[in-house]
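Taking it in order: structure first as structure tokens, then the write-up.
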Amino acid sequence: MAQVELHCLRVRNGFRVPDLLLSEPERHRAAAFRSIEARRLFVAGRFLCRHILGSRLGCAPQALSIAMTPSGRPYLPDHPDIDFNISHTRDRVALAINHGGGIGIDIERLDAFSEEDTVEIMPMILSEDELNQVRQSEPQYRRDVVLACWVRKEAALKCLGLGFRIDPKAVAITPDGATSSIGHRESKASTLIHSGRFGDAESGIFEWAIMTSKPVSRPTWHHHGA
Ligand SMILES: CC(C)(COP(=O)(O)OP(=O)(O)OC[C@H]1O[C@@H](n2cnc3c(N)ncnc32)[C@H](O)[C@@H]1OP(=O)(O)O)[C@@H](O)C(=O)NCCC(=O)NCCS
């Protein structure tokens, strides 16, 4: 069975990495961000994946070659057997690594959507069936139900590599405990979900989901910089 590792870095204000850790294209990309927070999260994502993947592959973090697909998905051109994916939100960067299959990850803070956002987002991401299910749920739980659905769909779209170039309404998720199957019109590929929450009231509670192209056992999180 493919092996998945999940890592989360808490990114504090003032987080910096030596310039030489990043590749030249990464340094250019970091310099182009207008928002300090967005730049910090991008750099933290590269820091995390260079350190963790470098240690697994026995190479220095700065020596790791990271390429990008035309749709912006980073991958390891020299290690086609290892897939990874990054997600960031607020002060967290999450890294999912799959040794033996494709993977997509999404994390969001539980309070990512206001009640108004939820109402606006629902018809943009949910299929008719899912909309009906959400409308039948207790109003006080709707925001959490929609957020969980969003996180699962985004993880799926990232596993497939096209992100929101695929209409999330066309992605069907069949609940089955913590694991669901997914299918959509644009691809015959199916993927599998694990999802959950971590964190606490003080530092924030985060909803997460990963999608993998092959079954994996439920992974555990490794937290860094807490
Ligand atoms: C992938 C996507 C859903 C991510 O949305 P987001 O709000 O930034 O969400 P996250 O923080 O969870 O994920 C960001 C990370 O996803 C990864 N990513 C980017 N594009 C991706 C893709 N097509 N598939 C999978 N992962 C992707 C990157 O590692 C990115 O972090 P980085 O830029 O710091 O390396 C969104 O960017 C998208 O739909 N992109 C594809 C289509 C597109 O418009 N591309 C334009 C750029 S070429």
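The table for this structure:
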{"quantity": "Scope the stretch 92-121; condition in a helix (DSSP H, G or I) and either open to solvent by 20 Å² or more (accessible area, probe 1.4 Å) or within 30 Å of R46 (Cα to Cα) (or both); matching residues", "calculated": "E115, E116, D117, V119, E120, I121"}
{"quantity": "Those residues of the stretch 154-168 which are open to solvent by 10 Å² or more (accessible area, probe 1.4 Å), hydrophobic (A, V, I, L, M, F, W, C) and part of a helix (DSSP H, G or I), in sequence order", "calculated": "C159, L160, F164"}
{"quantity": "Those residues of the stretch 25-47 which are touching a residue at least 24 places away in the same chain (Cβ under 8 Å) and either of a type in the set (G, A, S) or part of a loop (DSSP other than H, G, I, E, B) (or both), in sequence order", "calculated": "A44, G45"}
{"quantity": "Of all residues making up the stretch 48-67, the number that are open to solvent by less than 20 Å² (accessible area, probe 1.4 Å) and without any contact (Cβ under 8 Å) to a residue 12 or more places away in the chain", "calculated": "1"}
{"quantity": "Residue in the stretch 125-140 that is closer than 30 Å to H51 by Cβ and away from the ligand (no atom under 13 Å from the Cβ) present", "calculated": "no"}
{"quantity": "Cross-chain or 6+ apart pairs with Cβ under 6 Å, the stretch 192-204 first and touching a residue at least 12 places away in the same chain (Cβ under 8 Å), then of a type in the set (S, T, Y)", "calculated": "L192/T179; L192/T212; I193/T179; I193/S180"}
{"quantity": "Filter result for the condition that a residue is at pLDDT 95 or above and either in contact with a Gly (Cβ under 6 Å, 6 or more places away or on another chain) or loosely packed, with under 12 Cβ neighbours inside 10 Å (or both), over E5, E24", "calculated": "E24"}
{"quantity": "Total residues in the stretch 131-142, condition open to solvent by less than 20 Å² (accessible area, probe 1.4 Å) and among the charged types (D, E, K, R)", "calculated": "0"}
{"quantity": "Residue in the stretch 68-91 that is within 9 Å of the ligand (Cβ to nearest atom), open to solvent by less than 30 Å² (accessible area, probe 1.4 Å), closer than 21 Å to A209 by Cβ and β-branched (V, I, T) present", "calculated": "yes"}
{"quantity": "Sole residue being surrounded by 14 or more Cβ atoms within 10 Å (Cβ to Cβ), β-branched (V, I, T), more than 15 Å from the chain's Cα centre (by Cα) and at pLDDT 90 or above, chosen from V171, V151, V145", "calculated": "V145"}
{"quantity": "Cross-chain or 6+ apart pairs with Cβ under 7 Å, the stretch 148-168 first and among the charged types (D, E, K, R), then more than 8 Å from the ligand (Cβ to nearest atom) and assigned to a helix (DSSP H, G or I)", "calculated": "K153/I125; K153/P168"}
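The values are calculated or read from the model by the stated rules, or taken from the named source; none is laboratory data. Remember, it's a predicted structure, so these values are computed and weren't measured experimentally. Here the Cβ is made from the backbone with ideal geometry for all residues, glycine too, and neighbour counts use every protein chain on show. Note: areas computed on protein heavy atoms with side chains; ligands, DNA, RNA excluded. Shrake-Rupley method; radii C 1.70, N 1.55, O 1.52, S 1.80 Å.
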